[in-house]
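What follows is a short report on a single structure.
The values are calculated or read from the model by the stated rules, or taken from the named source; none is laboratory data. Note that the coordinates shown come from a computational prediction; the quantities given were computed from them, not determined experimentally. All Cβ positions, even for glycine, are placed from backbone atoms using ideal geometry, and neighbour counts span all protein chains on display.
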Ligand code: FAD
């Protein structure tokens, strides 16, 4: 029987796997392979939290393959020589994979596809991650979208064209002599720093974990999602972002499952959720069409903006959740403890860094990149540029989040703050939002007595810089 490599990347699942399905439908025995080549993703090689997740997800994928009679072959990069050597070892004639959209990875994949074809192999790639790929959605002028609302209007008219989900076969054909694999630890996905030890009580990486998270969401937080998605004190969202990033679930499966709930649940909640999947597609659309947007201000008018001089002590206080602003510290500590932060709080901490401290969004994006389990170049770049006001379809720079008002509105009982900043848990609720307003002797010990920046002065300085730069 002819053989084909199925090259797994950020599509660590077996259901809804277009590359695997195509290999099987073409009559090939698939050889599942994962190649670790982080340097090829520079300057955005995966951060530490991502790599910890990946290690567990690869383990889960290998188990799922073994239950079907196959196994995952692990190799070290560079990717092209690794593929060529496996093609030779297994006698395979083809390579199938699902596409990625990060600029460095896209360029690498194009080179690999060309080289494989030049060497006489069949090389085919598929959409495994998005509802609609970036080049399939165009404005009336045949260009890319820069604004979400018309983009989403366009996408909504096509949701009925999404593929129906499909399950992987119960057994997979297997080579009589599967190629040798590196042991997983040889990929060195985790370093000695064990800060992630507490993550795994919150997460189950892998396809089974993704399936479970989707089910829990459908039976729980989906009902009320439209309003509760902004409440960090509740479980009001799906927590599917790392599973989506690593391709442990296909977005069209989620969309399909949600559409099936139309009669059972509120359509407004379902529409609100589909819209977020739309934002995810939109982020990939922007990154594909504007590949510099992961490091450069999307809006060129910010080129002359007066960002503050880098201040390592302030940046470190932000990273460690020691700014003295409770909702900011709660978010940064949630991130450190779980590898995740609620979306509303991501916006608050990002606004605080870019506006109150006036640091360039790249400093924050880099920290998120290293510490988020869902770190995703497209979503992270869009989120930071949106909040900083430098993005394509961004919040205006002059709209500065007031972290005290945000906390009062979205964490009204101060529960989220109390959970992540236990120094404040014994304060009466109103004091948790701005403890510096208490008399000096009533302020909780062990917590900064004052914010690292006066909130009013920080806001005024940001607005002045904005006016001066004539952005
Ligand atoms: P849900 O509310 O359940 O949303 C469902 C899915 O939709 C998410 O899993 C995600 O894939 C997608 N989604 C939701 N909101 C957005 C959004 N604003 N933009 C793009 N896609 C979205 N998301 C990441 O996946 N990776 C990142 O690195 C990332 N960095 C961010 C940085 C900043 C500064 C901000 C403001 C947002 C960032 N986001 C990022 C978007 C968002 O915060 C997370 O996707 C969301 O919090 C994940 O939780 P959830 O799965 O429970 O979301």
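Just one of 430, 444 is crowded, with 17+ Cβ neighbours inside 10 Å and either over 31 Å from the mean Cα position of the chain (by Cα) or part of a loop (DSSP other than H, G, I, E, B) (or both); which is it?
The conditions single out 444.
Among the residues of the range 261-275, write down those that are free of Cβ contacts under 8 Å to residues at least 12 places away in the same chain and near the ligand (Cβ under 10 Å from one of its atoms).
Within the range 261-275, none qualify.
Do we have any residue at all in the range 206-214 that's within 15 Å of the ligand (Cβ to nearest atom), touching a helix residue (DSSP H, G or I) at 6+ places or on another chain (Cβ under 8 Å) and either at pLDDT below 95 or part of a loop (DSSP other than H, G, I, E, B) (or both)?
No, the range 206-214 contains no residue that is within 15 Å of the ligand (Cβ to nearest atom), touching a helix residue (DSSP H, G or I) at 6+ places or on another chain (Cβ under 8 Å) and either at pLDDT below 95 or part of a loop (DSSP other than H, G, I, E, B) (or both).
Look through 191, 227 and report the one residue that is free of Cβ contacts under 8 Å to residues at least 40 places away in the same chain and over 30 Å from residue 30 (Cα atoms).
227
Yes or no: the range 453-469 includes at least one residue that is closer than 15 Å to residue 329 by Cβ and in contact with a helix residue (DSSP H, G or I) (Cβ under 9 Å, 6 or more places away or on another chain).
Scanning the range 453-469, I find at least one residue that is closer than 15 Å to residue 329 by Cβ and in contact with a helix residue (DSSP H, G or I) (Cβ under 9 Å, 6 or more places away or on another chain), so the answer is yes.
Can residue 65 be described as within 21 Å of residue 109 (Cα to Cα) and in contact with a strand residue (DSSP E or B) (Cβ under 7 Å, 6 or more places away or on another chain)?
Here the answer is no, as residue 65 does not meet what is asked.
When you scan the range 83-106, how many residues do you find that are in contact with a helix residue (DSSP H, G or I) (Cβ under 9 Å, 6 or more places away or on another chain) and assigned to a helix (DSSP H, G or I)?
Summing the residues that are in contact with a helix residue (DSSP H, G or I) (Cβ under 9 Å, 6 or more places away or on another chain) and assigned to a helix (DSSP H, G or I) in the range 83-106 gives 7.
Looking at residue 229, is it more than 21 Å from residue 347 (Cβ to Cβ) and either surrounded by 16 or more Cβ atoms within 10 Å (Cβ to Cβ) or at pLDDT 95 or above (or both)?
no
Among the residues of the range 341-350, is any in a loop (DSSP other than H, G, I, E, B) and farther than 22 Å from residue 450 by Cα?
yes
Might you check whether a residue that is near the ligand (Cβ under 9 Å from one of its atoms), buried (at least 21 other Cβ atoms within 10 Å of the Cβ) and part of a helix (DSSP H, G or I) occurs anywhere in the range 399-412?
There is no residue in the range 399-412 that is near the ligand (Cβ under 9 Å from one of its atoms), buried (at least 21 other Cβ atoms within 10 Å of the Cβ) and part of a helix (DSSP H, G or I).
Among the residues of the range 326-358, what is the count of those that are closer than 24 Å to residue 305 by Cβ and away from the ligand (no atom under 13 Å from the Cβ)?
Total satisfying the criteria: 3.
What are the residues in the range 11-40 that are assigned to a helix (DSSP H, G or I), without any contact (Cβ under 8 Å) to a residue 40 or more places away in the chain and either surrounded by 23 or more Cβ atoms within 10 Å (Cβ to Cβ) or more than 21 Å from the chain's Cα centre (by Cα) (or both), if any?
Result: 25, single match.
Given the criterion out of contact with any strand residue (DSSP E or B) (no Cβ under 9 Å at 6 or more places or on another chain), within 16 Å of the ligand (Cβ to nearest atom), modelled with pLDDT of 95 or more and more than 22 Å from residue 464 (Cβ to Cβ), identify the matching residue among 426, 381.
Among 426, 381, only 381 is out of contact with any strand residue (DSSP E or B) (no Cβ under 9 Å at 6 or more places or on another chain), within 16 Å of the ligand (Cβ to nearest atom), modelled with pLDDT of 95 or more and more than 22 Å from residue 464 (Cβ to Cβ).
Output the number of the condition that residue 300 fails; it satisfies all remaining conditions of (1) more than 11 Å from the ligand (Cβ to nearest atom); (2) at pLDDT 95 or above.
Exception for residue 300: condition (2).
Do you know which residues across the range 234-260 are in a helix (DSSP H, G or I) and more than 10 Å from the ligand (Cβ to nearest atom)?
If the condition is that a residue be in a helix (DSSP H, G or I) and more than 10 Å from the ligand (Cβ to nearest atom), then 252, 253, 255, 256, 257, 258, 259, 260 are the ones that fit.
Checking the conditions here, which among 139, 171 is more than 29 Å from residue 30 (Cα to Cα), more than 21 Å from the chain's Cα centre (by Cα) and modelled with pLDDT of 95 or more?
Of 139, 171, the one residue that is more than 29 Å from residue 30 (Cα to Cα), more than 21 Å from the chain's Cα centre (by Cα) and modelled with pLDDT of 95 or more is 139.
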